[in-house]
Amino acid sequence: MNLAQLLIRWGRLKSDQPAIYFGTSVWATFGQWCARAAALAQAFRELGLVPGDRVLLFAQNHPRYLEVLLGCWWAGLVAIPVNARLHPKEVQWIISHASPRIGFFHQTVNSALFSELEKCFEFESAAMDALLASALNGSANTREIAVHETGADDTAWLFYTSGTTGRPKGVQITTRNLMTMGLCYFTDVDPVTPDDFMVYAAPMSHGAGLYCIPHLIAGARHVVPQSGGVDPAELFGLGHTLGPLSTFAAPTIVKRLVEYAAQTGLSVTQCAAAFKTIVYGGAPMYVADIERALQVMGPRFVQIYGQGETPMVATVLSRQHLSQIHHPRYRERIASVGIAQTPVQIRIADTEGKPLASGEIGEVLVKGDTVMRGYWQDSAATQAAIRDSWLFTGDVGCLDKDGFLTLKDRSKDLIISGGSNIYPREVEEVLMTAAGVAEAAVVGEPDPQWGEAVVAFIVPATGAQIDLADLDRHCMENIARFKRPKRYILTASLPKNNYGKVLKTALREQLKTSLQTS
Ligand code: AMP
């Protein structure tokens, strides 16, 4: 099965209807998108690329992204979408590790990085137009351009992990993984109709881009904001002009949308006119934040938990779960990441991989057709991550008796103080409910008496004055004494990676350096 078939189907059925928008303007109809993907596939073949060769995409969000992705799959090539904001050294490392033959980029990135590739094309350049035109002129009929016979377990997307810990690894995401992920979007996340719009605000190199698959399966429309990024005013404007949008957003983006709606006085009805569904995930969403989001924007949220190694699919906290405010376990549920998505099993295991009973805390394991084939050229890491068909996620959590998974933390973020385990997430949840706290991140620092001590980094809300004694009292009132931070550090911002995840390693480094210099 080749993912390009999804596009070909709609290219035939509704050739003249809008498929991709750039801002509010139509960038391509389904027929044009299909013809351009076919043309690119043809051009790739003429350039000598063979199935399995890699193609790098290093660009901020742009409609060409969708054309190039489908062109790659049409020809049986592997796409490597790379976040446009990565450091040049990280991109160089990915290039040397994955050896892509050609690359695509957009103005805003440093194209000098591509000097080692055989060829590279700027998305909006004459060379790109020529690439499309020459192939299209050569073959009048898109249908004559053969679609590669892709195996279900062939790699379609090489996803470099976001690197919150160590070097990014190349996750081989197969056609089977993507098809399964796409289909279970409908069963677990949200039904989609051809009238829907998927808007790409978060980077298309990550989860947001993966969600082009369910929307392609359903023949829905795709919208890339003109800014190529996240601008709440632009996004609300697009929704109000085109029709309610669906999107995938990290919790930090959700927060920005909610603040925009609150500050501009938009009613829930006006929010509903702009957004059909906001899927959030990729990092912890604190209870205080999702409650506010629901209050300001209404019931349009769904949470997913997954990771590059099982893209977008592990658990889901549905719109219904988020709406059942009278359920006796509502508060626990909204602090959880929900229940296993249809195609996977979730297990909590001890350090040896033995299953643990509900309520017990251990590593989260996932098994099913969305689990990656393995890491690119790293069999040792693959064997460590997948054992007996179970993916060891490195996340720590517990399942309740109804099957709801609550994440405690990444295993390496666990703090052990005086022999007791402290999960930073739990402390952060409490800090986030204190007045004037906009963001909080908790890490451990070496402590001669306790082994490790809890340190909280706090970002005050704009204009807020935080009294640390009050904050400490708030913690005393809400969590066990031993979990309460021994130290609070006020800071203007938290270090985050390009997908909005807080870099706890950077915070720990910061503590180490400050200890050395003090
Ligand atoms: P990545 O592979 O870059 O997508 O990162 C995946 C990691 O992000 C997971 O292993 C979790 O640690 C974290 N993550 C993903 N979804 C959620 C979620 N809904 N809540 C909390 N953490 C999440």
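The values are calculated or read from the model by the stated rules, or taken from the named source; none is laboratory data. Computed from a predicted model, the values in this text were never measured in an experiment. With ideal geometry, Cβ positions are generated from the backbone for all residues, glycine too; neighbour counts draw on all protein chains shown.
Summary table below
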{"item": "Flag if T505 is within 16 Å of the ligand (Cβ to nearest atom), polar (S, T, N, Q) and either assigned to a helix (DSSP H, G or I) or surrounded by fewer than 20 Cβ atoms within 10 Å (Cβ to Cβ) (or both)", "result": "yes"}
{"item": "Looking only at region 187-198, and only at residues there that are over 18 Å from the mean Cα position of the chain (by Cα) and over 12 Å from S246 (Cα atoms), the one that is farthest from the ligand (Cβ to nearest atom)", "result": "P194"}
{"item": "Unique match (being of a type in the set (G, A, S), touching a residue at least 24 places away in the same chain (Cβ under 8 Å), away from the ligand (no atom under 16 Å from the Cβ) and touching a helix residue (DSSP H, G or I) at 6+ places or on another chain (Cβ under 7 Å)) among G394, G418", "result": "G418"}
{"item": "Whichever residue in region 173-186 is closer than 17 Å to M372 by Cα and under 16 Å from the mean Cα position of the chain (by Cα) and, among such residues, is nearest to the ligand (Cβ to nearest atom)", "result": "I173"}
{"item": "Any hit, region 315-328, residues being in a helix (DSSP H, G or I), within 16 Å of the ligand (Cβ to nearest atom) and either at pLDDT below 95 or of a type in the set (K, R) (or both)", "result": "yes"}
{"item": "Number of the condition not met by R85 [criteria: (1) part of a helix (DSSP H, G or I); (2) surrounded by fewer than 17 Cβ atoms within 10 Å (Cβ to Cβ); (3) in contact (Cβ under 8 Å) with a residue 60 or more places away in the chain]", "result": "(1)"}
{"item": "Residues (within 11 Å of the ligand (Cβ to nearest atom), touching an Asp or Glu at 6+ places or on another chain (Cβ under 9 Å) and within 15 Å of A202 (Cβ to Cβ)) located in region 255-286", "result": "V279"}
{"item": "Meets criteria (more than 11 Å from the ligand (Cβ to nearest atom), under 20 Å from M1 (Cβ atoms) and among the small types (G, A, S)) for A201", "result": "no"}
{"item": "Flag for V296 being of a type in the set (A, V, I, L, M, F, W, C) and more than 16 Å from the ligand (Cβ to nearest atom)", "result": "yes"}
{"item": "Single condition I346 does not satisfy, out of (1) part of a loop (DSSP other than H, G, I, E, B); (2) surrounded by 13 or more Cβ atoms within 10 Å (Cβ to Cβ)", "result": "(1)"}
{"item": "Only one of R481, R473, R487 that is surrounded by fewer than 17 Cβ atoms within 10 Å (Cβ to Cβ), over 19 Å from A288 (Cβ atoms) and at pLDDT 90 or above", "result": "R487"}
{"item": "Hits in region 288-304 - residues which are in contact (Cβ under 8 Å) with a residue 40 or more places away in the chain and of a type in the set (V, I, T)", "result": "I290, V302, I304"}
{"item": "Subset of region 275-292 (residues that are touching a Pro at 6+ places or on another chain (Cβ under 9 Å) and of a type outside the set (D, E, K, R))", "result": "F275, T277, Y280, G281, G282, A283, P284, M285, Y286, I290"}
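One line per residue, one yes/no per condition, for (1) crowded, with 20+ Cβ neighbours inside 10 Å; (2) within 15 Å of the ligand (Cβ to nearest atom); (3) among the charged types (D, E, K, R); (4) outside the structural domain of C475 (by TED's automatic domain parsing):
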| site | (1), (2), (3), (4) |
| --- | --- |
| G368 | yes, no, no, yes |
| S379 | no, no, no, yes |
| R387 | no, no, yes, yes |
| K401 | no, no, yes, yes |
| E428 | yes, yes, yes, no |
| L431 | yes, no, no, no |
| A435 | no, no, no, no |
| A440 | yes, yes, no, no |
| Q449 | no, no, no, no |
